[in-house]
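> Input: one structure, supplied below.
The values are calculated or read from the model by the stated rules, or taken from the named source; none is laboratory data. Please read all numbers here as calculations on a predicted model, not as lab measurements. When we count neighbours, we look across all protein chains shown, and the Cβ atoms used for this are built from the backbone with ideal geometry, even at glycine.
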Amino acid sequence: MFSAILLMAGKGERMNMDINKILLPLGNKKVYEYSLDVLLKTVDEIICVISKDNEDIIKSLPNNVKYTFGGKTRQESVINGLKLVTNDYVLIHDSARPFITKELIEDIKKELLNNKNVLACSKCKDTIKELNNNKLNTLDRNKLIKAYTPQCGNTNILLDSYNKALKDNKEFTDDLSIVEYYHPEIETKLIYASDDLFKITTALDYELAKLLWRKYD
């Protein structure tokens with residue numbers, strides 16, 4: 001009933017490294033293997049979206065894991081994954097967020113059965129200021145959240161939303177923002193996750209992950 005798309009095709013240019021950041025060693029595993037191992041225990045189908053530059057990954061994937069190749073953008077990569085999904089509900093997750101937990105996935109699955117979108121997130125601790133025409137506007141952080149992945153919903157609705165965005169040539173920054181735009185009638189349930197579910201984007205993030213991996217090995 002539940003599928004997962006694991007996005008692994010990013011280049012991680014902000015890491016200033018010659019290697020895809022999801023292939024970096026992190027304790028006893030590579031970065032992407034943390035998410036993959038949890039998903040193998042919690043969902044019925046996994047589709048890994050990989051870069052053609054990293055085809056060697058295919059050899060290390062379990063036989064029951066599907067794979068496809070990423071596109072030029074994140075949206076294209078997600079569409080490629082969605083085309084292979086055979087279940088009613090799908091969780092879309094960035095493999096550069098390695099510290100996902102079985103408990104979080106199970107909480108998400110319960111909410112998905114209520115036909116809602118589900119967003120993993122955390123509360124915003126920083127003060128956020130909006131800059132518009134050189135004028136600052138301070139936003140109320142009590143009304144702000146940080147969007148994480150997994151971002152989850154009905155497979156057909158996600159695919160419909162992505163196809164409409166492709167047709168309209170619109171770019172969005174995450175998965176549920178597309179559904180919010182094309183299907184505003186669908187409620188999004190927030191699941192608050194640990195701050196450990198950060199995305200490895202910079203070299204500093206990687207150093208932090210190397211301090212935390214033992215909790216999730």
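> If a residue must be assigned to a helix (DSSP H, G or I), crowded, with 17+ Cβ neighbours inside 10 Å, over 13 Å from the mean Cα position of the chain (by Cα) and of a type outside the set (A, V, I, L, M), how many such residues does segment 1-33 contain?
2
> Determine if segment 162-169 includes at least one residue that is without any contact (Cβ under 8 Å) to a residue 12 or more places away in the chain and at negative phi.
Initial filter on segment 162-169 (without any contact (Cβ under 8 Å) to a residue 12 or more places away in the chain): 167-169.
Imposing the further condition that a residue be at negative phi reduces the set to 167-168.
So far as segment 162-169 goes, yes, one or more of its residues are without any contact (Cβ under 8 Å) to a residue 12 or more places away in the chain and at negative phi.
> Also, I was wondering about something else. Considering only segment 89-109, I want to know if a residue exists there that is modelled with pLDDT of 95 or more and touching a Cys at 6+ places or on another chain (Cβ under 6 Å).
First pass over segment 89-109, keeping only residues modelled with pLDDT of 95 or more: 89-109.
Applying the additional criterion that residues be touching a Cys at 6+ places or on another chain (Cβ under 6 Å) yields 91, 108.
Yes, some residue in segment 89-109 is modelled with pLDDT of 95 or more and touching a Cys at 6+ places or on another chain (Cβ under 6 Å).
> Test residue 59 against the criterion of being part of a helix (DSSP H, G or I), surrounded by fewer than 23 Cβ atoms within 10 Å (Cβ to Cβ) and touching a residue at least 60 places away in the same chain (Cβ under 8 Å), and give yes or no. Don't jump to the end; show me each part of the working.
Working: part of a helix (DSSP H, G or I): yes; surrounded by fewer than 23 Cβ atoms within 10 Å (Cβ to Cβ): yes; touching a residue at least 60 places away in the same chain (Cβ under 8 Å): no.
Answer is no for this residue.
> Tell me, yes or no, whether segment 106-117 has at least one residue that is surrounded by 11 or more Cβ atoms within 10 Å (Cβ to Cβ) and in a strand (DSSP E or B).
So far as segment 106-117 goes, yes, one or more of its residues are surrounded by 11 or more Cβ atoms within 10 Å (Cβ to Cβ) and in a strand (DSSP E or B).
> Out of the residues in segment 64-82 that are assigned to a loop (DSSP other than H, G, I, E, B) and closer than 17 Å to residue 35 by Cα, which is farthest from the chain's Cα centre (by Cα)? Talk me through it step by step, then tell me what you get.
Residues of segment 64-82 that are assigned to a loop (DSSP other than H, G, I, E, B), as a first pass: 64-65, 70-73.
Checking the rest, the ones that are also closer than 17 Å to residue 35 by Cα come to 64-65.
Values: 64: 21, 65: 17 Å.
Among them, the one singled out is 64.
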